[in-house]
Amino acid sequence: MDYQLIIDSFHEELSQIQKNSKEIESEAIKVLSMSKEYLVKLKKNYYLDKDKSVLKRTRFFRYLKPNITQHIYFYKKVRNFELELLGKSAAKANKIYAKQLKKIDKFYDKHKEFVFDLRYNPDKVDELYFTGKRLMATKNEKYVKSISYDFYECSYSGIYAESLAIEKFKSYLHKRQHQKQFEKIQIANLEVKHPWTASTTDIVELAYALYYSKAINNGDTTIKEIIQALSAAFHVKLPKNYYQTIDDIKNRKDLTKFINKLEFALKNNL
């Protein structure tokens with residue numbers, strides 16, 4: 001079965017469970033059970049895949065596997081939190097919220113270098129954490145032998161998935177704490193910030209590509225409006241002199257460096 005078919009089928013079933021579940025506890029139980037089944041399918045697919053190239057390993061551990069495992073991490077956190085909160089007084093409930101936030105802080109403290117690289121060195125993340133190039137030469141702690149299958153698991157794949165789950169869980173905690181009366185929170189509608197992790201030069205290059213291609217409103221928009229929209233959408237503060245940035249782009253050898261990277265990534269993952 002194709003990787004993308006597994007992922008698409010998983011998200012379709014996930015959407016149905018989220019839509020039809022009346023209580024978050026039952027939703028968590030169903031999603032956890034379903035997610036584990038799909039994770040087994042995905043791992044089996046990878047195990048049987050003869051192509052274990054660096055590109056395929058990176059795609060599996062960075063992009064495919066976390067697509068499922070982040071939901072396992074998230075719903076485990078929600079289920080355990082709701083169990084702990086059950087029947088507690090307002091004072092004790094506040095302590096439980098505070099404890100959850102401390103756990104989140106500990107996670108970021110423990111993995112601060114990885115999280116820092118994810119946000120500020122995105123071009124290096126795949127090579128540093130997900131390729132496993134030095135796996136056969138050294139005992140690399142980033143990879144551990146899988147119990148279920150005869151291949152190496154990338155430990156950073158799990159850390160990455162948990163970081164995605166934590167961002168959504170923070171949003172869940174915020175909504176849950178400020179509810180006047182308890183109603184099931186719609187997980188699919190949780191607001192999660194997705195920060196821009198490429199460079200500011202890259203987003204300016206993208207903005208100008210959209211502007212010159214007239215891809216937005218048939219070209220009836222300004223470069224400033226496109227810059228502001230991308231800045232707001234991806235929570236990135238762009239320099240006021242972005243006109244200088246495009247001049248810098250014009251003076252470099254590879255004029256469309258980021259656009260070429262997008263094209264390469266798309267072609268190699270379709």
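Asp51 meets the stated requirement of being out of contact with any His (no Cβ under 8 Å at 6 or more places or on another chain), charged (D, E, K, R) and not in a helix (DSSP H, G or I). Look at segment 205-225: where a residue is hydroxyl-bearing (Ser, Thr, Tyr) and a partner is open to solvent by less than 70 Å² (accessible area, probe 1.4 Å) and assigned to a helix (DSSP H, G or I), sitting 6+ places away or on another chain with Cβ atoms under 7 Å, you get Tyr208/Ile223; Tyr208/Ile246; Tyr211/Ile223; Tyr211/Ile226.
Taking the numbered list (1) modelled with pLDDT under 90; (2) within 27 Å of Asn80 (Cβ to Cβ); (3) open to solvent by 70 Å² or more (accessible area, probe 1.4 Å) in turn, Arg134 passes all entries but (2).
Of the residues that sit in segment 26-63 and are more than 22 Å from the chain's Cα centre (by Cα) and modelled with pLDDT under 90, which one is nearest to Lys124 (Cα to Cα)? Result: Ser53.
Being open to solvent by 70 Å² or more (accessible area, probe 1.4 Å) and part of a helix (DSSP H, G or I) is a property that holds for Glu37.
The rows are residues; the columns are (1) touching an Asp or Glu at 6+ places or on another chain (Cβ under 7 Å); (2) open to solvent by less than 60 Å² (accessible area, probe 1.4 Å); (3) assigned to a helix (DSSP H, G or I).
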| site | (1), (2), (3) |
| --- | --- |
| Ile7 | no, yes, yes |
| Phe10 | no, yes, yes |
| Ile17 | yes, yes, yes |
| Val31 | no, yes, yes |
| Tyr73 | yes, no, yes |
| Lys77 | no, yes, yes |
| Asn94 | no, no, yes |
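Residues that are open to solvent by 60 Å² or more (accessible area, probe 1.4 Å) and not in a helix (DSSP H, G or I) within segment 19-29 comprise Lys22, Glu23, listed in sequence order. For segment 79-92, the set of residues classified as of a type in the set (Lys, Arg) and part of a helix (DSSP H, G or I) consists of Arg79, Lys92, listed by residue number. Taken as a whole, the condition of being under 14 Å from the mean Cα position of the chain (by Cα) and open to solvent by 80 Å² or more (accessible area, probe 1.4 Å) applies to Arg119.
The values are calculated or read from the model by the stated rules, or taken from the named source; none is laboratory data. The structure presented is a predicted model; accordingly, all values stated were derived computationally and were not measured. We place every Cβ from the backbone using ideal geometry, glycine too, and count neighbours over all the protein chains shown. The protein model used for the area step is the full one, side chains on, heavy atoms only, and it has no ligands, DNA or RNA in it. Shrake-Rupley method; radii C 1.70, N 1.55, O 1.52, S 1.80 Å.
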